[in-house]
Every structure is written in structure tokens, then in C-alpha cells.
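This report concerns only the one structure given below.
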Ligand SMILES: [Zn+2]
């Protein structure tokens, strides 16, 4: 229970009152709720809130891919035959990870 002063008559009114009960003036603007962002244009939205989906994908797939690459062979099947990625294929995947890192974390 907290009181604020009316901008119209200066009397104390409850902070959640939409209007002053003494003079009817509209109450002071509500203080912004903690943790809420009231952006009015897309330019104001920080990059990590714009790219949340890419960042989410990055944090899910990249650690798994890196762990897979660094702990052994990466397998795939071609024409029913079990194969492993060559060193070049692994390097390609690592470059892919680095490029996705740059794409996600560099501001456009
Ligand atoms: Zn008032």
C-alpha cells in the first residue's frame, strides 16, 4: 500500500487509483513494471530479442555438433553404406559453426 501525490490537487492518493478521488485528475503515470520492455518501434528492440530463435537454435545445435565432432567420427549412410566424415568434412562443419556464430552474434 503506497501513496503518491496527485498532480492536480496535491493530495495523497493511492498509487493504483486511475483518477484522483478528490479532484478527478488523471493519476500519475504508472511506474514501469520490472522486467517489462515497452518498445514502440522495432529499432529499439535489442538484437538478442530480435534474433531469439536463431540464438536458441545456436545454443541447442552448436554444442551438440562440437561435442560430436571433437569426441570421434561423424557417421552418415550413403547408398546403404556406413561412412564417416573425412577430416575435410569435419573442418567444413566447424567452419559452418563459426559462420553461424558470426551470423547470430554480429549486429546487422
Ligand atoms: Zn487530485
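The values are calculated or read from the model by the stated rules, or taken from the named source; none is laboratory data. Computed from a predicted structure; not experimentally measured. For neighbour counting, all protein chains shown are included, and Cβ atoms are generated from backbone atoms with ideal geometry for every residue, glycine included.
Observations
- Note on the range 22-59: among residues that are at pLDDT below 80 and within 16 Å of the ligand (Cβ to nearest atom), the one that is nearest to residue 102 (Cα to Cα) is 29.
- Residue match in the range 70-80 (condition: away from the ligand (no atom under 16 Å from the Cβ), at pLDDT 85 or above and part of a helix (DSSP H, G or I)): no
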